[in-house]
Amino acid sequence: MIFPEDFVWGAATASYQIEGAVKEDGRGQSIWDTFSHTPGNVANDDTGDMACDHYHRFREDVGLMRELRLAAYRFSVAWPRVQPDGAGPINPRGLAFYDRLVDELLAADISPYITLYHWDLPQALEDRGGWTDRDTAHRFADYAQAVYDRLGDRVEHWATLNEPWVAAFLGYGNGVHAPGRRDPASALRSAHHLLLGHGLAARRLRTSGARSIMLVVNSSPVLTPAQVNDPWAVPGDADAAVVERVHALLTRQFLDPALYGTYPEEVLEAAARNGGTGHVQDGDLALINAPIDLVGVNYYNPCVVEAGPGLPADAAWPGSEGVRFAQADAPTTAMGWPIVPDGLSRLLVRLSRDYPQVGLMVTENGAAFDDVVSDGRVHDAERVAYLDGHLREVHRAIEAGADLRGYLVWSLLDNFEWAEGYRRRFGIVHVDYATQTRTPKDSALWYRDVITGNGF
Ligand code: FCB
């Protein structure tokens, strides 16, 4: 099972999850600092104050990447390091950190893939309304420009947003993520302003000369319980209708505007019932429909639904009236997420059919398990099986014609897993948070061999 010659192998992380050093070199406060320091929001009241201390240990971490033969490293830039108040003066010391990191990666022959927004909004912008405020989209474009101006001479691959669905609907909808607001109208508004920020930033990056521009979404195939284990199962009309509605809310809400300049009916209807569509101004969709090169797909598990007549909408899913969110009949990871590897090929094949104008990249895929270190090793056989199973499905999607450019494991390191804190370990490298010792798990060594052989 050999992958295309130029297939890109790598791993991903995000700023707040690994960097620590939250008060250093003029960094401003982010919504995740505020949220994690508010008791009760994060398991064990963990915060990202120290995390993996990557801010100080990035050289060692790039050394690890080199040993694992990674060709690509996807990381995010912390907006509050670069622009502490989210507007106004740029902080050169914040940019200097990413400058050093990029140089270290290039010296190790690893391509940097920069994500400009992985959820750490400057708190000062949240104080002015955050993503519910249209101006935040313009501030994001200015910040993107500042990062490009400093790193664009060496970095080819740029992603604007990571998972705008999660940022909008967990951040402003059900309040499980920062900033912890719970209001369906705010969530839908935020989703639109995130998209507007994407479009404005993508245009600035393109004009400035960026070679490759990407939008990263969390996407899942939406399946009925029967379809999880039987791809040929044919849902009845009521189930089929909720499947397509949830697909529109999860995936088409973002990819249709970005790639076609249109909103699905289902999204407009949800907005009409939750505060209205007034935030969608004339010309916005044309701005959002900026040319991009790649869609980044973060896949962990399918989304399983069936018709649930009379049920109210879920807090994270305005527009989901009459939908029952169901459990998949499948084994689960430590997150409780069902393991359904062929969900990935089903998803990739559909996306490549619906959006043939862009290439695809798996920008996150991985699993949390309760790993233990013994005698300097971590025998994470379940993670190896998870990655093996999903990579086979990536290969299958390529054979079925999907234009798939690469695969990035989530994550390089165990890290601050948002509302779950440090108790969920997604790394292929184990981190002992008390000593900051890194130990490559068996999955890392296995992955190195896959990379070296360009397949199995
Ligand atoms: C994704 C996030 C990433 C990580 C994984 C497990 O939703 O983009 O930061 O937390 O989930």
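Examine region 208-224 for a residue that is within 25 Å of Ala286 (Cα to Cα) and assigned to a helix (DSSP H, G or I), and state whether such a residue exists.
Taking every residue of region 208-224 in turn, at least one turns out to be within 25 Å of Ala286 (Cα to Cα) and assigned to a helix (DSSP H, G or I).
Among the residues of region 371-420, count how many are open to solvent by 70 Å² or more (accessible area, probe 1.4 Å) and within 16 Å of the ligand (Cβ to nearest atom).
Of the residues in region 371-420, 1 are open to solvent by 70 Å² or more (accessible area, probe 1.4 Å) and within 16 Å of the ligand (Cβ to nearest atom).
Is there a residue being within 16 Å of the ligand (Cβ to nearest atom), open to solvent by 40 Å² or more (accessible area, probe 1.4 Å) and at pLDDT 95 or above anywhere in region 424-444?
The answer is yes; a qualifying residue exists.
Any residue in region 412-430 that's closer than 15 Å to Leu170 by Cβ: show its pairings with residues that are open to solvent by 10 Å² or more (accessible area, probe 1.4 Å) and away from the ligand (no atom under 11 Å from the Cβ) at Cβ separation under 7 Å, as long as the two are six or more apart or on different chains.
Ala419/Asn41; Ala419/Ala43; Ala419/Val176; Glu420/Ala43
Anything in region 1-32 that is of a type in the set (D, E, K, R) and in contact with a helix residue (DSSP H, G or I) (Cβ under 7 Å, 6 or more places away or on another chain)? List them, or say none. Working first, answer last.
Within region 1-32, the subset of a type in the set (D, E, K, R) is 5-6, 19, 23-25, 27.
Glu19, Glu24, Asp25, Arg27, listed by residue number.
For residues in region 356-375 being in a loop (DSSP other than H, G, I, E, B) and more than 19 Å from the chain's Cα centre (by Cα), which is farthest from Ala248 (Cα to Cα)? Step through it out loud before you land on a result.
Here is the first cut: in region 356-375, the residues in a loop (DSSP other than H, G, I, E, B) are 356-358, 365-373, 375.
From what's left, more than 19 Å from the chain's Cα centre (by Cα): 356-357, 369-373, 375.
Working: Pro356: 18, Gln357: 19, Phe369: 31, Asp370: 34, Asp371: 36, Val372: 40, Val373: 43, Asp375: 48 Å.
It comes out as Asp375.
Say we look at region 44-84 and pick out the residues that are of a type in the set (Lys, Arg) and open to solvent by 10 Å² or more (accessible area, probe 1.4 Å); which of these is farthest from Leu106 (Cα to Cα)?
Taking region 44-84 and keeping what is of a type in the set (Lys, Arg), we get 57, 59, 66, 69, 74, 81.
Now drop any that are not open to solvent by 10 Å² or more (accessible area, probe 1.4 Å), which leaves 57, 59, 66, 69.
Values: Arg57: 17, Arg59: 12, Arg66: 11, Arg69: 13 Å.
Only one residue tops the list, namely Arg57.
Taking His390, is it within 17 Å of Val8 (Cα to Cα), part of a helix (DSSP H, G or I) and in contact with a Leu (Cβ under 6 Å, 6 or more places away or on another chain)?
On the way: within 17 Å of Val8 (Cα to Cα): yes; part of a helix (DSSP H, G or I): yes; in contact with a Leu (Cβ under 6 Å, 6 or more places away or on another chain): yes.
Taking the combined requirement at face value, the residue satisfies it.
Condition first: of a type in the set (D, E, K, R) and within 16 Å of the ligand (Cβ to nearest atom). Now tell me which residues in region 130-189 satisfy that. Before the answer, list the steps.
So the first thing to find is which residues in region 130-189 are of a type in the set (D, E, K, R), and the list is 133-135, 139, 142, 149-150, 153-154, 156, 163, 181-183, 189.
Correct list: Glu163 only.
Under 27 Å from Ala191 (Cα atoms) and more than 16 Å from the ligand (Cβ to nearest atom): is that true of Glu24 in this structure? Break it down stepwise before answering.
Values: under 27 Å from Ala191 (Cα atoms): no; more than 16 Å from the ligand (Cβ to nearest atom): yes.
In short, no.
Among the residues of region 6-16, is there at least one that is in a loop (DSSP other than H, G, I, E, B), within 20 Å of Arg423 (Cα to Cα), open to solvent by less than 10 Å² (accessible area, probe 1.4 Å) and within 15 Å of the ligand (Cβ to nearest atom)?
In the first step, residues of region 6-16 are kept if they are in a loop (DSSP other than H, G, I, E, B); the result is 6-7, 13-14.
Retained after the next criterion (residues that are within 20 Å of Arg423 (Cα to Cα)): 13-14.
From the residues that got through so far, the ones that are open to solvent by less than 10 Å² (accessible area, probe 1.4 Å) too are 13-14.
Cutting the leftovers down to within 15 Å of the ligand (Cβ to nearest atom) gives us 13-14.
Yes, region 6-16 contains a residue that is in a loop (DSSP other than H, G, I, E, B), within 20 Å of Arg423 (Cα to Cα), open to solvent by less than 10 Å² (accessible area, probe 1.4 Å) and within 15 Å of the ligand (Cβ to nearest atom).
Among the residues in region 449-456, are any assigned to a helix (DSSP H, G or I), away from the ligand (no atom under 16 Å from the Cβ) and within 23 Å of the chain's Cα centre (by Cα)?
Kept after step one, since they are assigned to a helix (DSSP H, G or I), are these residues of region 449-456: 449-453.
Next cut, away from the ligand (no atom under 16 Å from the Cβ) only: 449-453.
Narrowing the set further to residues that are within 23 Å of the chain's Cα centre (by Cα) leaves 451.
Yes.
Matching residues to (1) among the aliphatic types (A, V, I, L, M); (2) within 14 Å of the ligand (Cβ to nearest atom):
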{"residue": "Phe3", "(1), (2)": "no, no"}
{"residue": "Asp46", "(1), (2)": "no, yes"}
{"residue": "Met50", "(1), (2)": "yes, no"}
{"residue": "Glu60", "(1), (2)": "no, no"}
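Mind listing just one residue for me: the one in region 107-129 that is on the phi > 0 side of the Ramachandran plot and touching an Asp or Glu at 6+ places or on another chain (Cβ under 9 Å) and, of those, farthest from the ligand (Cβ to nearest atom)?
If we filter region 107-129 for residues that are on the phi > 0 side of the Ramachandran plot, which is where we start, we get 109, 119, 129.
From what is left, the residues that are touching an Asp or Glu at 6+ places or on another chain (Cβ under 9 Å) are 119, 129.
Values: Trp119: 7, Gly129: 24 Å.
Selected residue: Gly129.
Say we look at region 175-212 and pick out the residues that are in contact with a helix residue (DSSP H, G or I) (Cβ under 7 Å, 6 or more places away or on another chain) and open to solvent by 50 Å² or more (accessible area, probe 1.4 Å); which of these is nearest to Ser36 (Cα to Cα)?
Residue satisfying both the conditions and the ranking: Val176.
Provide a single number: the residues in region 126-146 that are without any contact (Cβ under 8 Å) to a residue 40 or more places away in the chain and touching a helix residue (DSSP H, G or I) at 6+ places or on another chain (Cβ under 9 Å).
Initial filter on region 126-146 (without any contact (Cβ under 8 Å) to a residue 40 or more places away in the chain): 127-129, 135.
From what's left, touching a helix residue (DSSP H, G or I) at 6+ places or on another chain (Cβ under 9 Å): 128-129, 135.
Final tally of qualifying residues: 3.
Can you say whether Asp237 is farther than 30 Å from Ala385 by Cα, acidic (Asp, Glu) and touching a residue at least 24 places away in the same chain (Cβ under 8 Å), as far as the supplied structure shows?
Working: farther than 30 Å from Ala385 by Cα: yes; acidic (Asp, Glu): yes; touching a residue at least 24 places away in the same chain (Cβ under 8 Å): no.
Against the criterion (farther than 30 Å from Ala385 by Cα, acidic (Asp, Glu) and touching a residue at least 24 places away in the same chain (Cβ under 8 Å)), Asp237 does not qualify.
Would you check which residues across region 253-267 are open to solvent by less than 60 Å² (accessible area, probe 1.4 Å) and either assigned to a helix (DSSP H, G or I) or at positive phi (or both) and list them?
Filtering region 253-267 down to residues open to solvent by less than 60 Å² (accessible area, probe 1.4 Å) leaves 253-259, 261, 263-264, 266-267.
Listed by number, the residues that qualify are Gln253, Phe254, Leu255, Asp256, Pro257, Ala258, Leu259, Gly261, Glu266, Val267.
Working carefully through the options Asn162, Asn91, find the one that is over 17 Å from Ala11 (Cα atoms) and open to solvent by less than 50 Å² (accessible area, probe 1.4 Å). Full working, then the answer.
Values: Asn162 fails: over 17 Å from Ala11 (Cα atoms).
That would be Asn91, the only listed residue that is over 17 Å from Ala11 (Cα atoms) and open to solvent by less than 50 Å² (accessible area, probe 1.4 Å).
What is the residue count in region 109-144 for residues that are open to solvent by less than 10 Å² (accessible area, probe 1.4 Å), out of contact with any Pro (no Cβ under 9 Å at 6 or more places or on another chain) and among the small types (Gly, Ala, Ser)?
Final tally of qualifying residues: 3.
Under 7 Å between Cβ atoms, which residue pairs at least 6 apart in sequence (or on different chains) link something in region 38-65 that is on the phi > 0 side of the Ramachandran plot and in contact (Cβ under 8 Å) with a residue 40 or more places away in the chain with a partner that is surrounded by fewer than 21 Cβ atoms within 10 Å (Cβ to Cβ) and of a type in the set (Lys, Arg)?
These pairs meet every condition: Asn44/Arg423.
If you scan region 25-81, which residues turn out to be among the aliphatic types (A, V, I, L, M), within 21 Å of the chain's Cα centre (by Cα) and part of a loop (DSSP other than H, G, I, E, B)?
Of everything in region 25-81, those that are among the aliphatic types (A, V, I, L, M), within 21 Å of the chain's Cα centre (by Cα) and part of a loop (DSSP other than H, G, I, E, B) turn out to be Val42, Ala51, Leu70, Ala71, Val77, Ala78.
The values are calculated or read from the model by the stated rules, or taken from the named source; none is laboratory data. Computed from a predicted model, the values in this text were never measured in an experiment. No Cβ is skipped: glycine too gets one built from the backbone with ideal geometry, and neighbour counts run over all protein chains shown. Note: accessible area is taken over every heavy atom of the protein model, side chains too, but ligands, DNA and RNA are not part of it. Shrake-Rupley method; radii C 1.70, N 1.55, O 1.52, S 1.80 Å.
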